Each structure stands twice: as structure tokens, then as C-alpha cells.
Amino acid sequence: MKNKKILSIAFLVLFSVGLIWYLFIKKSDYTITFTVNAATGTVSQGIVEWSKTQLKDKNDLYTIIEKRNFDFIQQNFKNDTEEMEYVWELNPVDDSITKVTVGIKDLKHSLYNKVTVPFAATQFRTQQIEKIKNFKTGLEDHVKKFKIKIDGEGESKEMFVAYIPLKSVLQEKAQTMLSNDVVIVGYLTRNKIPILGYRPYLEVTEWDKENETVTFNYCFPIPKDTKYIQDKRIKFKTIKAMKGLKATYYGNYRTSDRAWFTMLDYAKRHDIQLQDKVLEHFLNNPFNGGNELEWQTTVIIPFLVQ
């Protein structure tokens with residue numbers, strides 16, 4: 001009898017502690033978990049871009065409160081009637097699959113949700129499931145538009161290039177490059193400087209992952225003995241051969257950074273240290289059109305030299 005009483009008291013204490021934690025300490029009212037065939041960086045960018053779309057389409061405002069690398073985003077959400085908090089945690093399952101956990105808290109009705117959500121399909125729970133499901137569907141549609149193959153260790157060739165230095169947010173690197181295409185190609189054409197192979201390179205000299213900006217050179221290989229006229233914007237240099245992790249990306253050049261994210265997850269799983277630099281070689285001319293899944297880009301992220 002005494003043991004039963006002790007067990008009953010212990011159970012009551014544990015239950016009370018658990019209830020207090022669930023109602024008053026646990027941060028989220030409801031948690032949704034799913035997996036997606038994409039790297040953590042691709043999912044992270046997908047969240048940011050999806051949030052911008054929600055503002056444009058529905059006047060739903062998502063503000064980033066905290067963002068850590070490509071594996072954590074905390075957002076505050078507001079519209080005319082609601083105020084929520086979303087905490088996204090992204091964990092790579094393998095080189096190309098990410099587990100996404102979304103913690104959701106209604107800042108106006110948190111206690112009510114915690115009491116009702118486990119027992120009923122409330123409006124709050126139904127709306128959140130639908131919202132996250134729509135995000136997942138959009139992300140899955142996006143990843144069908146490209147393919148990535150990790151090739152392992154690779155090495156680029158040394159080359160002499162004409163280049164134009166540029167800077168942009170990561171999402172706009174391709175647009176920035178293309179908008180300056182007429183500048184550098186026009187210079188080379190006017191001065192009758194031949195382009196070797198004609199397929200350009202993009203040399204990222206600084207990748208700020210925290211602010212998602214890139215400083216890069218838009219490059220065209222030219223003969224090393226070229227005699228050139230000085231220009232305010234067009235520069236010349238030798239890009240040395242570099243060893244690094246190599247991948248092949250198939251898809252529109254606007255989203256070739258999806259290969260970068262996959263390479264980062266691969267490197268993390270295999271304990272490979274990489275620099276915050278990237279070298280891309282575009283092997284197709286997008287102005288010729290065609291199936292974007294046949295557009296090919298080789299990507300090298302150089303190893304970090306200790």
C-alpha cells in the first residue's frame with residue numbers, strides 16, 4: 001500500500017511538471033515536421049522567398065527575428081487579425097534530404113491552442129497544416145527544376161581572363177551577371193579580343209552566408225598574350241588552378257547556388273573544410289533556349305588550406 005502511494009505521488013508530480021512545462025514553458029503551440037529532397041540552404045532560401053510571396057499575394061508580413069547559417073530561422077508573422085511566431089529548424093538527413101521542423105506559436109491565443117490542439121482539429125491547427133503543406137508543395141515543385149551531381153574532388157585549369165567585378169544578393173547574382181554581359185562582351189568585341197570557348201566563368205571571391213551576398217567576377221577566358229586597352233570597369237588577371245569539391249549542376253543559371261548548398265551539406269557530412277569561394281563554369285548559352293535541365297554548370301568550391 002505504501003509503495004502504491006509513493007508511485008501515485010511520483011506520477012502526480014511528474015504529470016504536474018509535464019503539464020506546467022507544456023502549458024507555460026514549451027515555446028510552440030503546435031509543431032509540424034516533414035522531409036524534403038533538398039539541401040538545407042535550398043530550404044532556407046525557399047522559406048525567405050515564400051515569405052516574400054505571402055506579403056505580395058496576401059499582405060502577410062513575415063519578419064526574420066533570427067537566422068543562423070542555413071539551419072535556423074525564427075520569424076514573426078502579422079496580418080490584420082493574427083500574430084504568430086514561426087521557428088524553422090533544418091537538419092540534413094543525408095547529402096540531399098533535409099528534415100524540417102516548424103514550431104508555431106499564436107502570440108494572442110497560445111494557452112487556448114495548447115489546451116485544444118491535441119484533442120480537436122481546431123481552426124488554428126487546420127490553417128497551419130494547410131499553410132505549411134502549401135510551402136512544402138511549392139518547394140517540391142521548385143526542386144524538380146534542377147539536378148545536382150556531386151563529382152567528388154576536382155581541379156580547375158589555370159586561365160587568363162577578362163572580368164568585370166560585381167556584387168549582389170545571392171538570389172540576384174545571375175541577373176546581375178547578365179545585365180553586365182553587354183558591357184564586357186561589348187568591350188571584347190570592340191577591341192577584337194577573342195573569347196576562348198566563349199563559355200563564361202563566375203568566380204565568387206567572397207560569399208557572406210549570414211547576409212546572403214556575394215562578391216564575384218564575371219569572367220571570359222582570353223589568350224594570355226592579349227594586348228588590351230585599359231578600361232575603368234574591365235579588368236584582367238590569371239585565375240590559378242584550384243583543387244576543391246566538384247559538382248555538376250543541371251538547370252537554370254539563376255538557381256545554380258542550389259548546387260553550392262548541396263555541396264556544403266555533403267562537406268559537412270564528410271568532414272571536408274571548404275572556403276567561402278566558388279568557381280562556376282557555364283557550359284551552355286541560355287540565350288539559345290531549350291530544356292533548362294540540359295543546361296550544365298560545373299562548380300568547384302576550393303578546399304580550405306590549413
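The values are calculated or read from the model by the stated rules, or taken from the named source; none is laboratory data. If you're wondering where the values come from, they're calculated on a predicted model, not measured in any experiment. Heads up, the Cβs are rebuilt from the backbone with ideal geometry, glycines too, and the neighbour counts pull from every protein chain shown. Only protein heavy atoms, including side chains, enter the accessible area calculation; ligands, DNA and RNA are left aside. Shrake-Rupley method; radii C 1.70, N 1.55, O 1.52, S 1.80 Å.
Results, tabulated for the structure shown:
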item: Test for Gln273: is it under 19 Å from Thr40 (Cβ atoms) and either hydroxyl-bearing (Ser, Thr, Tyr) or modelled with pLDDT of 95 or more (or both); result: yes
item: Condition check for Tyr228: within 20 Å of Gly41 (Cα to Cα) and either modelled with pLDDT under 95 or of a type in the set (Lys, Arg) (or both); result: no
item: Residue in region 262-280 that is polar (S, T, N, Q), touching a residue at least 40 places away in the same chain (Cβ under 8 Å), part of a loop (DSSP other than H, G, I, E, B) and more than 13 Å from Leu202 (Cβ to Cβ) present; result: no
item: Some residue of region 257-276 being at positive phi and of a type in the set (D, E, K, R); result: yes
item: Restricting region 241-269 to residues that are at pLDDT below 95 and open to solvent by 90 Å² or more (accessible area, probe 1.4 Å), the residue that is farthest from the chain's Cα centre (by Cα); result: Arg269
item: Qualifying residue in region 226-240 (condition: crowded, with 21+ Cβ neighbours inside 10 Å, touching an Asp or Glu at 6+ places or on another chain (Cβ under 8 Å) and not aromatic (Phe, Trp, Tyr)); result: no
item: Residues of region 273-285 satisfying the condition of being under 16 Å from Asp257 (Cβ atoms) and touching an Asp or Glu at 6+ places or on another chain (Cβ under 9 Å); result: Asp276, Lys277, Val278, Leu279, Glu280
item: Answer residue from region 190-212, given it is touching a helix residue (DSSP H, G or I) at 6+ places or on another chain (Cβ under 7 Å) and farther than 13 Å from Asp276 by Cα and is most open to solvent (accessible area, probe 1.4 Å) among those; result: Ile195
item: Flag for Asn284 being more than 17 Å from the chain's Cα centre (by Cα), in contact (Cβ under 8 Å) with a residue 12 or more places away in the chain, surrounded by 18 or more Cβ atoms within 10 Å (Cβ to Cβ) and within 22 Å of Lys157 (Cα to Cα); result: no
item: Residues that are open to solvent by less than 60 Å² (accessible area, probe 1.4 Å), assigned to a helix (DSSP H, G or I) and either without any contact (Cβ under 8 Å) to a residue 12 or more places away in the chain or among the β-branched types (Val, Ile, Thr) (or both), drawn from region 91-132; result: Thr116, Lys131, Ile132
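Every residue, every condition in (1) of a type in the set (Asp, Glu); (2) within 22 Å of Ala267 (Cβ to Cβ); (3) at pLDDT 95 or above, yes or no:
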| residue | (1), (2), (3) |
| --- | --- |
| Gln45 | no, yes, no |
| Asp57 | yes, no, no |
| Tyr62 | no, no, no |
| Thr101 | no, no, yes |
| His109 | no, no, no |
| Ala120 | no, no, no |
| Arg125 | no, no, no |
| Glu140 | yes, no, yes |
